[in-house]
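Since the structure comes first, as structure tokens, the remarks are kept for the end.
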Amino acid sequence: MNNKWKIVLTGVTFSLALFIAPDAQASTYTVKHGDTLTKIAKAHNTTINQLKQWNKLSQDRIFIAQKLVVTPAKVVTPAKSAVSTVSKSPAVTKAATATTKTKTTAVSVVEEKVESPQNALSHTVMKGDNLTKIAKKYSISVASIKQLNNLKSDAIKVGQKLTISQQSTKDLAIEAPSAKTVEAEINFNQTADEAIEKQLKKEVALPGKVSQQTVRLYGQAIQAANAVLGTPYKYGGTTVDGFDCSGFVNYIFNSVGVQMDRKSSLMYFEQDTTKVAQPVPGDLVFFKNTFIPTISHMGIYLGNNEFIHAGSKGITISNIGEKYWSERFVAYKRLNNLK
């Protein structure tokens, strides 16, 4: 808030106290298709950690139509008295200033309930519709439609009204990306599963057995992984201060002498690994659709259907048979430089 007081003084010493009303409003941003915390942070000149703190996010996952605080509320306290002495010139006009203290407070944001506001963009299910078809039509992911409508499965029925976006159609027209961008995003959503299948089909499955040297390395890797159980999740993390999923795998294998460049789960899946006929403890396991509709998560297989990975709660052991993981499981694979 910019307060300027113009004061005409006739040669006296005047004590002025400014009281500025608190500005309790925070700036918010509504997540759109294709957004990430990195992209939003750059656009609003802030950091991912600040966004997560202001919005009480425990992980980097966001969803379409979610409101995020991008500038926290500022509370300006009353200023201390400022003494301004003005010379004896008649009708002298001068802006009086005061020293103020500004306190920045984090604003708690509660996730919006999945409801359909009157101005929301929606779709009424027709005969022949399914979530994949609807998602393609509106350039949105199936996961986002399910999130917006609180769907526990892919089942929908004729006549059902689905929220597609919580922005008005007017806003969508104003904020619509270029045709080229839309085409690229639609193409990505349409071909994500096809690309995964294509990658796996061109690979020749490796045998279930590995060399004694790899058995030894795998044993060391699993031991190193268990040693960091409980380490917190950290986006982009590759150290014991915090890991993300690919950063964790990168750290573990490099620590036992297996060279791995820092890459994403998708890049490891496509560039550095080959599918296996039968996994052995130490092989890698890949998942899709954890937050984007392609390969988006990985971990180290431990045997007995278990794997160790960097999840939202940090380094933990999970079971691939659990509903969440079984629905997203893609393949077991092995690093190309191991035999």
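The values are calculated or read from the model by the stated rules, or taken from the named source; none is laboratory data. As the structure is a prediction and not an experimental result, all values here were calculated from the model. All Cβ positions, even for glycine, are placed from backbone atoms using ideal geometry, and neighbour counts span all protein chains on display.
So that you can scan it fast, the table gives a plain yes or no per residue for (1) touching a helix residue (DSSP H, G or I) at 6+ places or on another chain (Cβ under 9 Å); (2) in contact (Cβ under 8 Å) with a residue 12 or more places away in the chain; (3) more than 27 Å from A143 (Cβ to Cβ):
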residue: A192; (1), (2), (3): no, yes, no
residue: V204; (1), (2), (3): no, yes, yes
residue: V210; (1), (2), (3): yes, yes, yes
residue: T214; (1), (2), (3): no, yes, yes
residue: L217; (1), (2), (3): yes, yes, yes
residue: Q220; (1), (2), (3): yes, yes, yes
residue: A224; (1), (2), (3): yes, yes, yes
residue: G230; (1), (2), (3): no, yes, yes
residue: Y233; (1), (2), (3): yes, yes, no
Among residues of the range 1-37, those that are within 19 Å of P72 (Cβ to Cβ) and either modelled with pLDDT of 50 or more or in a helix (DSSP H, G or I) (or both), counted: 8
Selected residue [of a type in the set (F, W, Y) and in a strand (DSSP E or B)] from F307, F253, F248: F307
Residue among I186, I222 that alone is farther than 27 Å from L51 by Cα, of a type in the set (V, I, T), modelled with pLDDT under 95 and not assigned by TED's automatic domain parsing to the domain that holds K39: I186
Boolean, Y324 is modelled with pLDDT of 95 or more, in the same structural domain as A227 (by TED's automatic domain parsing) and not in a loop (DSSP other than H, G, I, E, B): no
Complete set of residues in the range 292-320 that are closer than 21 Å to T273 by Cα and in contact (Cβ under 8 Å) with a residue 60 or more places away in the chain: I292, P293, T294, I295, I300, L302, I308, H309, A310
Hits in the range 312-339 (condition: touching a helix residue (DSSP H, G or I) at 6+ places or on another chain (Cβ under 8 Å), within 23 Å of K234 (Cβ to Cβ) and of a type outside the set (A, V, I, L, M, F, W, C)): S318
Members of the range 123-149 that are of a type in the set (A, V, I, L, M), crowded, with 19+ Cβ neighbours inside 10 Å and assigned to a loop (DSSP other than H, G, I, E, B): I140
Residue among Q278, Q271 that alone is under 19 Å from K201 (Cβ atoms), part of a helix (DSSP H, G or I) and over 21 Å from the mean Cα position of the chain (by Cα): Q271
